[in-house]
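Step one of this worksheet: look at the structure below.
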Amino acid sequence: MLNSVYAVGGIVTAPHHLATDTGQLVLRSGGNAVEAMIAMAATIAVVYPHMNAIGGDSFWIVKPAGKNPIGIDACGAAASGATDDLYGQAGFAEIPNRGYLAANTVAGTLSGWQAALAIARTLGGSKSREDLLEAAIHYASAGYPTTGNQSRTTSDKLDELKGLPGFDESFLINGKPPAEGEIFKQPRLAETLRQLASDGFDSFYKGQLADAIVADLTRVGSPVSAGDLVRHRALEVSPLELDLSTGKVWNMPPPTQGLASLMILGLFDRLQVSEPEGFDHIHGLVECVKQAFLVRNSYVQDPKVMDVDPIDFLCAADLDARLANIDPEKALPWPARAAEGDTVWMGAIDNAGNAVSFIQSIYWEFGSGVVLEDTGILWQNRGSSFSLKNGDVNRLAPGRRPFHTLNPAMAELPDGKLLSYGTMGGEGQPQTQALIYTRHVNFNQSIQQAITAPRFLLGRTWGDTGTNLKLENRFDSTLIERLSAAGHDIEITDTFSQLMGHAGGVALSRNGMMEGGSDPRADGKASGL
């Protein structure tokens, strides 16, 4: 089993080792945690292209040392042309998951980089955009060895992606998925990154690069227009927070499912479980997940159209009332609506104590599958999560932001320890966050041990359609039998199953010691100074 990484001068973690190396280099050369994360975000968008891209969205929690955390919501809204008539005239009763009509929202992640860069400057950062994008440009131009994850995902999803605009030219080599270890290049994306370094991150939304992006989008038939790009702004928001007996936890507000992540921890805190990995721990978490997801599925969407305040679900009275719905011995009948997702989570802490929890996504693997011809940008399909049915939560409307599974997490413990943690994996994100937090904080496991330990997934992710309770086969057989007897519909998965997503975490203790961990299910690592 991997061991946690310990450091005193800064620490980073990412699901691809080249992104980790990029962040470490920025810290080593005097950059702060926010600058390191911008550089990591650019690099991971190149070297893990099936999971995220600059044509996607992102969310940040930045905690300056000794200050309250700052949230950055870099989520793009539905295009002004994304109307019911557009889909009705095309013969769709639902928004398609792939293709140009799935590419129906603004890509917000570059606006998040811009907002983060402004915060970095207030923390004394002085790195230029050229410095921060240098590694990403290099890997896009010179290439990098294809990971097994990228190779397998390309093969697995080829039937639904092959032939989409720009996909074959961008993600196949000689008409076939790249083999593991084969050098993979993205020269058009390299040029786009050079232009972003030269002209600024906001050139994605206005100016020469934006004009090229709009021309590409128009050519493939996407409804996203120049006006949609110009109107987009990242939002600086206050993260949701919840006080537990074990510490204070933060997560992002709607349209993300950060509320669900906090509710799970708030409910579990009330169960007062004393032993890890047993029935009370795993059954308790699963039942907390169900209660939180019932709220999430009923209410969470663009906050502009929500008729409830998410904070109300985090008050003691509401959590106490929902706790009464949890049977300590029996499973609540399930399923409920599930969501897919392909994403990257990364964390960074610098030697001044500034911390970042960051997540960047294109929704499904390879997003819409549409790659823009001139700019080489893969566009997300986040807007395919919208509903075309009146009365549904997350109803499509021009200018409305879609529901997001993305939710970076952060916590501050009573002893002063600061913890930045998260995962990719759609429906599994709040569940894995809860496992990592409870294992590390409640039960004193190292970060790496908490990440490596077997995980569960209630619902689906990564294109899996099952809504049952999936357990990695490393769980104790006696526990599995008891969970089944309690009424859980169980499916056993492989060791280190890809269904469970890619998690990570970094922490800073009051004495200056830093700790980091990375998921053995991914291709990354944690690294410190």
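Data for the structure
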quantity	calculated
Percent antiparallel among DSSP beta bridges (both partners in the chain, rounded to 5)	90 percent
Exposure of E94 as accessible area (Å², to 10), given a probe of 1.4 Å and all protein chains	130 Å²
Segment 149-234 - accessible surface per residue (Å², probe 1.4 Å)	48 Å²
Share of carbon and sulfur in the accessible heavy-atom surface of segment 286-332 [1.4 Å probe, %]	54 percent
Principal axis dimensions, largest first and in whole angstrom, of segment 319-409 by Cα	57, 49, 23
Net lengthening on full extension, S238/F496 (0.36 nm per residue, minus Cα-Cα)	89.4 nm
Long-range amide H partners of H488 with built H, under 5 Å	A331
Largest to smallest principal axis extent of the C-alpha atoms in segment 401-513, angstrom	44, 42, 22
Approximate spin-label separation I173-A321, in nm, with each point projected 7 Å along Cα-to-Cβ	5.8 nm
Protein-only accessible surface order, largest first, of K127, K290, K330 at 1.4 Å	K330, K127, K290
Accessible-area order (highest first, 1.4 angstrom probe) of the listed residues S509, S111	S509, S111
For segment 41-196, alpha-carbon Rg over 2.2 N^0.38 Å	1.21
With DNA, RNA and ligands ignored, accessible area of D202 (1.4 Å probe; Å², nearest 10)	60 Å²
Mean shadow area of segment 1-133 over all directions, Cα convex hull, nm²	11.1 nm²
Cα-based reach from K304 at 19 Å (exclusive), listing lysines while leaving out same-chain residues under 8 positions away	K389
Accessible solvent surface per residue of segment 96-135, calculated while the other protein chains remain in place, 1.4 angstrom probe, Å²	33 Å²
Contact order relative to length of segment 240-342, as percent, for alpha carbon pairs under 8 angstrom and 6 or more apart	29 percent
Within-11-Å neighbourhood charge of Q257 [Cβ basis; K, R +1; D, E -1]	0
Lys pairs, segment 32-176 - Cα-Cα below 30 angstrom, 8 or more residues apart or on other chains	4
Per-residue [θ]222 nm for the chain (sum of -39500 (n - 2.57) over DSSP H runs n ≥ 4, rounded to 500)	-10000 deg cm²/dmol
Kyte-Doolittle at least 0.0, axis length at least 24 Å by Cα - qualifying DSSP helices, the chain	279-299
Exposure ranking of E412, E373 by accessible area [1.4 Å probe, largest first]	E373, E412
Estimated inter-spin distance, A226 and S477, nm [label 7 Å along Cα→Cβ]	6.8 nm
Matching label, volume of the Cα convex hull per residue in Å³ computed from the structure shown, candidates (1) 128; (2) 216; (3) 152	(1)
Gap separating the Cα centres of segment 363-438 and segment 67-124, nearest whole Å	11 Å
Orientation-averaged projected area, Cα convex hull of segment 215-272 (nm²)	6.0 nm²
E236 accessible area, assembled protein chains, probe 1.4 Å, Å²	140 Å²
Local electrostatic count, S198, Cβ distance below 11 Å [Lys/Arg +1, Asp/Glu -1]	-1
Separation between Cα centres of segment 183-211 and segment 1-51, rounded to whole Å	21 Å
Accessible area of segment 371-528 divided out per residue, in Å², using a probe of 1.4 angstrom	30 Å²
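The values are calculated or read from the model by the stated rules, or taken from the named source; none is laboratory data. Since we're looking at a predicted model, the values are computed, not measured. Quick reminder, even Gly has a Cβ in these numbers, built from the backbone with ideal geometry, and neighbours come from all protein chains shown. These accessible areas exclude ligands, DNA and RNA; they are computed on the full protein's heavy atoms, side chains included. Shrake-Rupley method; radii C 1.70, N 1.55, O 1.52, S 1.80 Å.
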